[in-house]
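One structure is given here, and the rest of the page talks about it.
Only the coordinates and a few stated rules stand behind these numbers; no lab work does. Just so it is clear, the structure is predicted and the values come from calculations on it, not from any experiment. Neighbour counts are summed over all protein chains in view; Cβ atoms, including those assigned to glycine, are modelled from backbone coordinates with ideal geometry.
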Amino acid sequence: MTAPTVRPGAATPDHRDHGPREAGLTSGTPTIVTVASGGGRTYPVRLETGTFLRPRVMRRPGPGLRVVLAAVRASLCAGDDLRLHVHVGPGAHLDLVDPNGTVAYNARGGRAAWRADITLAEGARMTWTEPSFIVSEGADVLRETTVSLAAGARLAWRETLVLGRTGERGGALRSATRVTHEGRELLAEDLDLRDAELRELPGVLGGGRVIGQVAALGSVPDGPAGPHRLDLAGPGVLWRALARRTYESDRVLDEAWRAAVR
């Protein structure tokens with residue numbers, strides 16, 4: 001693990017995992033990204049390399065901070081339990097980028113997990129882009145995303161789930177998302193795509209194998225209207241596109257992403 005970067009006097013939340021380990025999974029060291037705001041800019045407080053991901057700072061013009069998640073080793077393989085913890089302090093602005101995406105490989109009877117825990121303090125902003133999360137033939141993966149937004153916090157998040165590599169039907173995926181805003185539930189969703197026969201039925205995925213999503217959480221941007229848009233009961237909007245290829249999904253969602261990050 002790399003030595004943490006800590007600015008004196010800055011608070012760093014405790015992200016240690018206390019829950020029991022699940023059968024068939026080996027809990028890896030979590031990747032930790034903590035940033036804060038001061039002097040009109042955002043700076044890193046704590047950057048810790050985990051078992052699977054290494055955070056690296058890429059400065060950019062303006063008050064925000066861009067952090068890239070570089071792969072440490074191939075994942076997800078059978079038994080892998082990838083964990084990512086992100087905390088954005090009051091008024092800070094983080095641009096988190098995963099340039100490589102994730103491939104869940106054939107688990108050969110095993111399973112894997114990918115979990116992200118995101119916390120945004122008062123007035124914080126975060127943009128988060130994830131390229132393709134590919135579930136290969138024979139993979140069995142649980143993907144969990146938990147987001148906590150304080151008052152005035154905003155998250156723009158883009159992800160793409162892909163069932164199978166070229167020529168594959170794809171493995172088993174369960175994707176669970178929980179979002180709270182000021183302590184109240186904003187989004188609770190379980191997407192169970194473990195059974196290939198059921199997910200390919202009309203009214204589920206049909207012939208689609210790519211699920212693209214843009215989420216604006218903590219705000220309600222104008223953005224495109226139409227069947228791809230879902231307005232939440234609180235301050236939040238989801239845009240989703242179902243397609244056979246990633247570029248088809250991107251074509252639908254590019255305008256929504258521009259609205260979400262505006």
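A few remarks follow.
- Close amide H partners of Ala176, meaning residues 5 or more places away or on another chain with modelled amide H under 5 Å apart, are Arg143, Glu144, Thr145, Leu191.
- A Cβ-based charge dipole, computed about the Cα centre of the chain with Lys and Arg at +1 and Asp and Glu at -1, lands at about 800 debye.
- Choice from Leu193, Leu82, Leu230 showing the highest fluctuation, given a GNM over the chain with Cα pairs closer than 10 Å: Leu230
- Rounded to whole numbers, the Karplus 3J(HN,Hα) couplings from phi for the stretch 84-95 are 10, 10, 10, 10, 10, x, x, x, 7, 9, 10, 10 Hz, using 6.51 cos²θ - 1.76 cosθ + 1.60 with θ = phi - 60°, and x at Gly and Pro.
- Relative contact order of the chain, defined on C-alpha pairs under 8 angstrom at six or more residues apart (%): 12
- Only helical runs count toward this figure. For the chain, summing -39,500 (n - 2.57) over DSSP H runs of n ≥ 4 and dividing by all residues gives -2000 deg cm²/dmol at 222 nm.
- Per-residue Karplus couplings for the stretch 159-164, computed as 6.51 cos²θ - 1.76 cosθ + 1.60 with θ equal to phi - 60°, are listed in order as 9, 9, 9, 10, 8, x Hz, Gly and Pro entered as x.
- Each residue of the stretch 228-233 is assigned a 3J(HN,Hα), and the resulting list reads 7, 9, 10, 8, 7, 5 Hz, derived from the Karplus form 6.51 cos²θ - 1.76 cosθ + 1.60 (θ = phi - 60°), x at Gly and Pro.
- Ranked by the mean number of other Cβ atoms within 10 Å of their residues, highest first, the peptides 131-141, 166-176 fall in the order 131-141, 166-176.
- Over the chain - Rg/Rh using Cα atoms and the Kirkwood inverse-distance radius: 0.96
- Ratio of the Cα radius of gyration of the stretch 159-258 to 2.2 N^0.38 Å, where N counts its residues: 1.13
- Protection proxy ranking for 106-112, 181-187, using the average of other Cβ atoms within 10 Å per residue and placing the highest first: 106-112, 181-187.
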